[in-house]
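The values are calculated or read from the model by the stated rules, or taken from the named source; none is laboratory data. Treat the numbers as computed from the prediction; the structure is a model and nothing was measured. Calculation scope for accessible area: heavy atoms of the full protein, side chains included, ligands and nucleic acids excluded. Shrake-Rupley method; radii C 1.70, N 1.55, O 1.52, S 1.80 Å.
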Amino acid sequence: QVQLVESGGGLVQPGGSLRLSCAASGTIISIYTMGWYRQAPGKQRELVAGITSDSRTNYADSVKGRFTISRANAKNTVYLQMNSLKREDTAVYYCNANSVTAGLDYWGQGTQVTVSS
């Protein structure tokens, strides 16, 4: 059974930093494009950052220069370093593992990030 477990969320003041982790079990992440998505109340889920199996990255315009996605295949873990956090970054953050060629798509349960003073 494949599981993605996010951690590292919490309450942080504007301008602060958090690092989210997504630990996978039941599969090896090296074959997947990994992504971090977020969903704020009343809004659709949106892609925040993605990293391909060969470590090419892409980011939403709203987080470019502030967030960094990385992967540690040996640890079967993906990270999202979030710096200079803004109130509008408040959302539930979800980890996703996707392989188009294998027809596989998995989601974590989400972790809450709240940016507030």
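Using a Gaussian network model of the chain with C-alpha springs under 10 Å, which one of 78, 100, 48 is most mobile by mean-square fluctuation?
In the Gaussian network model the winner is 100.
On the protein heavy atoms, probe 1.4 angstrom, tell me the percent of accessible surface of the chain carried by carbon and sulfur.
On the way: 2910 of 6120 Å².
Roughly 48 percent of what the probe reaches on the chain is carbon or sulfur.
Considering the chain as a Gaussian network with a 10 Å cut-off on Cα pairs, which listed residue, 42, 65, 26, attains the greatest mean-square fluctuation?
42
Largest first and to the nearest Å, give the Cα extent of the chain along each principal axis.
Ordered largest first, the chain gives principal extents of 42, 25, 25 Å.
Please enumerate, by chain and number, the lysines with C-alpha under 26 Å from the C-alpha of residue 43, excluding those fewer than 8 residues away in the same chain.
The reachable lysines, counting only those whose Cα sits under 26 Å from residue 43, are 64, 86.
Taking the Kirkwood radius as the inverse of the mean 1/r across Cα pairs, report the Rg/Rh of the stretch 54-117. Let's see the in-between values first.
Numbers: Rg = 13.4 Å, Rh = 13.6 Å.
Taking Rg over the Kirkwood Rh, I get 0.99.
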